[in-house]
Amino acid sequence: MIVVEDVRFSYPGGVEALKGVSLTVKNGEFVAIMGQNGAGKTTLVKHFNGLLKPTSGVVRVNGVETSRSSVAALARNVGFVFQNPDHQLFCETVDDEIAFALKNFGYEQTVIEKRITWAVNLLGLSQYRKTSPFMLSGGERKRVALASVLAWDPQILVLDEPTIGQDHRQKENLRQFIMQLQTQGKTIVMVTHDVEFVAECNPRVVLMREGKIMADGQGKQILTNSELLEQASIVLPQVAQIFKHLITQGFPLNIIDIYEAKNLLMEKLEKNKT
Amino acid sequence: MPIIETKNLSYTYPSASRPSIQDISIKVEKGEFVLITGPSGCGKTTLCRTFNGLIPHFYQGELKGEITVAGKNAAKQPTMEMAKHVGMVFQNPENQLFALSVEKDVAFGLENLGFDRKEMRERVNWALKLTGIYDLRERSPHEMSGGQQQRVAIAAVLAMQPEIIVLDEPTSFLDPLSAEKIFEVIYDLNQKLGLTVVLVEHRLDLTAKYANHIIIMDEGKICFDGKPREVLSKQETRLIGVGIPKATLLYEMLKKEGAKLGNTTPLCSKELADMVQEALK
Amino acid sequence: MSVFDGLKFRKVYSPIHNLDPRMKFIYVIIIFAVAIIFNTIIPLLTLFLMQVPFVMLARVQKQWLRSLRGAMFLASFIFFINIATNFFTQGYTLNAKNIEDAATMTTRFLVLVESFSVFFLTTSPDHLGLALEQTKVPYEFSFAFTTAVRFVPVLAEEAQTIMDAQKARGLELEKGNFLKRIRNYVPVLIPLIVSAIRRSLELAEAMEARAWGATKKRTNLYALKFNKGDYVLLALTTGVLIVAVYTVLYVPVPTIRALLGVP
């Protein structure tokens, strides 16, 4: 569980990136943090594993105050996958890459072996175990980065812009993978501005703007509120756009799922026929 | 005469064991807005690099087949010659700006071509105004957002007044709103100047409505080549994992269940909404 | 990060910033020369104080003071080394002359620091690159210079991100003995180098696409030219040089200890 209480944070240069943020993420929740670039999304999640410590206010992860703990200690519970896999890959083989964190956390060699096998199978990388990560494609490197974090099985997973540069199929695989992790009870926090991806996942959405949280609720509610989204410089998901254009026809206003949309439209069109 | 024409074009990178593009034959007419899409690694970036001669000149490797761009043999002409005809905008805005101020960056190509100062100044201002960044001309690139940086990159190729502008996933690092603004700038250039646009993009939901020609690639080959409404309504496009617009998808789903809707495949939300309105009248 | 903040030059408009960098460079060289020909503290102090109005005019007092503070360590080092050498070579006595000589050396050093910092604090890297270009330095060099300035902050930011990414995987940079600590940086350095190489390839590609090297005679959007201010500075600097040479040749400059009557 992550508890953020009235956190303010200023960068050394003097820019105040968080201006009083309070947020609770319960175990097993799936949260998307959205907002414009510079809204403070990444700054906020960097507090979850202690990469940043609040200037004032408190962040507690599973009851531990982050300002009293080290990143290494916090990271065992909070896995953080960065946007660009090339910012972390450095080993000669995929195996070594995955073993890196496990060694840092002091696991025994036999355990490390088991964990690597588990992680490469989970992400479909087993044929690349002895390959250099630098020889892999962009999508595969992203999966190696994810595997190297999942290997120590953290309870909380933070994903920073996981869909950037990914094609449709890769996004779909990622979505299914996140759903799978969710059924295992993992807490997932995702920073993103990919509205379509969020609309497909329908998680809890936290909307940020200028260092503050401006809205917090279920994806269906937040992503169909065009006024709110406009203030956060986010566009409506396509399905919601369709219903916005059809506002005079009396459809419900919280539709983001394509199947739900199809059923509603079908019903209306059928009714109209008779 | 098409402005870009390739015949049986194949290319293999120097250290690669198999070709990245194979047997590509396409025609792009002057003034078209072409969208090239397909899953990652399908060869779309490679294809674009042949348009201004980066392939084979910069990347070496083995290029087979014919390619004519703006009446020139792009495989023979050096890139610096092709650069006058083909402007290229890359994915990462950060790595294509060299100068310490916006206007200096926009002038970079013209300086290389040896333009005199007066004409250079005129062209720079013209390009800055067209892309809506004239007020930012004295800024340094690291004081700008990704969207603004990408507009600088567009202005910089525009200043060289090419006939074709090729953009390789120009918005993949941007948020949807900035992305939309970039696409509008590009569309505007296409409409106002009659500039031929080749746009490589995953996000069809944002771009399909602008295009009048779409090329879908997979595993180094062309799968579909034609008008967006025709290509995107094909069932097979879904199979190769192209993220077709939700409105198009929804339309297909409704049609399948026997809904009475018009017969032009919609490419964006507004078009589908209008069709539904029409049907409900 | 603060080291790199200095390189994020922001445009400031002041009479000094607008001067031609070439003129400012001449000024630095002349101050340099004058500081060397004097061996007494009074002219050197004059030289030091003379430049203060410059700093005020350019409104860079804060940064200027910071750079002087940065030079303080080296300055005190110079002072004590001078005293020590004199002490050991001149019969183990510490007198007013020794102290004054050491102070003279130190002041000279500070004059140099001062004029260089005025130059760098008031000259945008852009201008400097331009000056290099227009003084017939091959364009490749001035391009390399401006590109370096452009990318240092970008790489610094990237290094920070990489450190964060590896710390998030349990890397503890400050752990272990000296050798271990150096080894701790391998997971940071490799991605940084790989990314820098990738970046430079992308840059090269973008340069090609914008007709890099298309003509031998490359032109420039900006032109540097001498304005009124530059002529004023030229006159001032020449004046200083003439007065300095004249003083050295014909005017006996007293030492402070002579003025105070100390042996």
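Of all the residues in the range C:46-78, those that are in contact (Cβ under 8 Å) with a residue 40 or more places away in the chain, among the aliphatic types (A, V, I, L, M) and within 20 Å of C:Leu233 (Cα to Cα) number 6.
Per this entry, B:Glu29 is not counted among residues that are closer than 25 Å to B:Leu195 by Cβ, acidic (Asp, Glu) and open to solvent by less than 50 Å² (accessible area, probe 1.4 Å).
Restricting attention to the range C:79-104, the residues that are touching a Leu at 6+ places or on another chain (Cβ under 9 Å), touching a residue at least 40 places away in the same chain (Cβ under 8 Å) and of a type in the set (S, T, N, Q) add up to 1. Scanning the range B:64-104 for residues that are more than 9 Å from chain C (Cβ to nearest Cβ), closer than 30 Å to C:Thr123 by Cβ and under 21 Å from the mean Cα position of the chain (by Cα) yields a single hit, B:Pro93. Residues of the range A:257-272 that are in a helix (DSSP H, G or I), open to solvent by less than 70 Å² (accessible area, probe 1.4 Å) and more than 9 Å from chain B (Cβ to nearest Cβ): A:Glu260, A:Leu264. In the set (1) within 30 Å of A:Leu264 (Cβ to Cβ); (2) assigned to a loop (DSSP other than H, G, I, E, B); (3) away from chain A (no Cβ under 12 Å); (4) touching a helix residue (DSSP H, G or I) at 6+ places or on another chain (Cβ under 7 Å), the condition left unmet by B:Ile214 is number (2). All of A:Val94, A:Val59, A:Val45 fail the test of being under 26 Å from B:Leu177 (Cα atoms), open to solvent by less than 10 Å² (accessible area, probe 1.4 Å) and either of a type in the set (A, V, I, L, M) or free of Cβ contacts under 8 Å to residues at least 12 places away in the same chain (or both), apart from A:Val45. Screening the range B:224-242 for residues that are within 14 Å of chain A (Cβ to nearest Cβ) and either in a strand (DSSP E or B) or without any contact (Cβ under 8 Å) to a residue 12 or more places away in the chain (or both) and picking the one that is most open to solvent (accessible area, probe 1.4 Å) gives B:Leu239.
Restricting attention to the range B:133-188 and to residues that are among the charged types (D, E, K, R) and part of a loop (DSSP other than H, G, I, E, B), the residue that is modelled with the highest pLDDT turns out to be B:Glu163. Answer yes or no as to whether C:Ile242 is away from chain A (no Cβ under 14 Å), modelled with pLDDT of 90 or more and open to solvent by 60 Å² or more (accessible area, probe 1.4 Å). So C:Ile242 passes the test. Within the range A:53-96, the set of residues being more than 9 Å from chain C (Cβ to nearest Cβ) and either part of a loop (DSSP other than H, G, I, E, B) or in contact with a Cys (Cβ under 8 Å, 6 or more places away or on another chain) (or both) comprises A:Lys53, A:Pro54, A:Thr55, A:Asn62, A:Gly63, A:Ser69, A:Asn77, A:Glu92, A:Thr93. Give me the residue from the range A:233-256 that is within 21 Å of B:Leu206 (Cβ to Cβ) and open to solvent by 60 Å² or more (accessible area, probe 1.4 Å) and, out of that set, farthest from the other protein chains (Cβ to nearest Cβ). Checked the range A:233-256; the qualifying residue farthest from the other protein chains (Cβ to nearest Cβ) is A:Lys244.
Residue count for the range A:202-232 under the criterion of being open to solvent by 20 Å² or more (accessible area, probe 1.4 Å) and not in a strand (DSSP E or B): the result is 11.
Every residue, every condition in (1) farther than 28 Å from B:Arg203 by Cβ; (2) open to solvent by less than 10 Å² (accessible area, probe 1.4 Å); (3) in contact (Cβ under 8 Å) with a residue 60 or more places away in the chain; (4) not hydrophobic (A, V, I, L, M, F, W, C), yes or no:
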{"position": "B:Val102", "(1), (2), (3), (4)": "no, yes, no, no"}
{"position": "B:Trp126", "(1), (2), (3), (4)": "yes, no, no, no"}
{"position": "B:Leu136", "(1), (2), (3), (4)": "no, no, no, no"}
{"position": "B:Gln149", "(1), (2), (3), (4)": "no, no, no, yes"}
{"position": "B:Ala159", "(1), (2), (3), (4)": "no, yes, no, no"}
{"position": "B:Glu163", "(1), (2), (3), (4)": "no, no, yes, yes"}
{"position": "B:Pro170", "(1), (2), (3), (4)": "no, yes, yes, yes"}
{"position": "B:Glu184", "(1), (2), (3), (4)": "no, no, no, yes"}
{"position": "B:Tyr187", "(1), (2), (3), (4)": "no, no, yes, yes"}
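From A:Val120, A:Val111, which residue is open to solvent by less than 50 Å² (accessible area, probe 1.4 Å) and either farther than 24 Å from C:Leu173 by Cβ or of a type in the set (Asp, Glu) (or both)? Of A:Val120, A:Val111, the one residue that is open to solvent by less than 50 Å² (accessible area, probe 1.4 Å) and either farther than 24 Å from C:Leu173 by Cβ or of a type in the set (Asp, Glu) (or both) is A:Val120. Go through the range B:105-148 and report how many residues are under 22 Å from the mean Cα position of the chain (by Cα), small (Gly, Ala, Ser) and more than 7 Å from chain C (Cβ to nearest Cβ). Residues in the range B:105-148 being under 22 Å from the mean Cα position of the chain (by Cα), small (Gly, Ala, Ser) and more than 7 Å from chain C (Cβ to nearest Cβ): 5 in total.
Candidates in the range C:136-155 are the residues that are aromatic (Phe, Trp, Tyr) and within 10 Å of another protein chain (Cβ to nearest Cβ); of these, the one that is most open to solvent (accessible area, probe 1.4 Å) is C:Tyr139. When C:Leu233 is tested against (1) within 14 Å of another protein chain (Cβ to nearest Cβ); (2) farther than 26 Å from B:Phe115 by Cα, exactly one condition is not met: (1). Just so you know, in the range C:156-180 the residues that are basic (Lys, Arg) and open to solvent by 70 Å² or more (accessible area, probe 1.4 Å) include one that is farthest from the other protein chains (Cβ to nearest Cβ), and it is C:Lys180.
A single entry from A:Asn37, A:Asn27 fulfils the requirement of being in a loop (DSSP other than H, G, I, E, B), open to solvent by 50 Å² or more (accessible area, probe 1.4 Å) and closer than 23 Å to C:Glu157 by Cα: A:Asn37. Identification of helices (runs of 4 or more DSSP H) wholly contained in the range A:109-190 with 2 or more residues that are out of contact with any helix residue (DSSP H, G or I) (no Cβ under 9 Å at 6 or more places or on another chain) yields A:109-122, A:168-183. Considering C:Ala196, C:Ala223, C:Ala214, C:Ala209, the condition of being within 7 Å of another protein chain (Cβ to nearest Cβ), within 30 Å of A:Pro133 (Cα to Cα), touching a helix residue (DSSP H, G or I) at 6+ places or on another chain (Cβ under 7 Å) and of a type in the set (Gly, Ala, Ser) is satisfied by C:Ala209 alone. Select from the range B:52-63 the residues that are in a helix (DSSP H, G or I) and either of a type in the set (Gly, Ala, Ser) or facing another protein chain (nearest Cβ under 10 Å) (or both) and write down the one among them that is surrounded by the fewest Cβ atoms within 10 Å (Cβ to Cβ). Among them, the one singled out is B:Phe58.
The values are calculated or read from the model by the stated rules, or taken from the named source; none is laboratory data. Keep in mind it's a predicted model, so treat the numbers as computed, not measured. All Cβ positions, glycine included, derive from the backbone under ideal geometry; neighbour counts span all protein chains shown. The accessibility values were calculated without ligands, DNA or RNA, using every heavy atom of the protein model including side chains. Shrake-Rupley method; radii C 1.70, N 1.55, O 1.52, S 1.80 Å.
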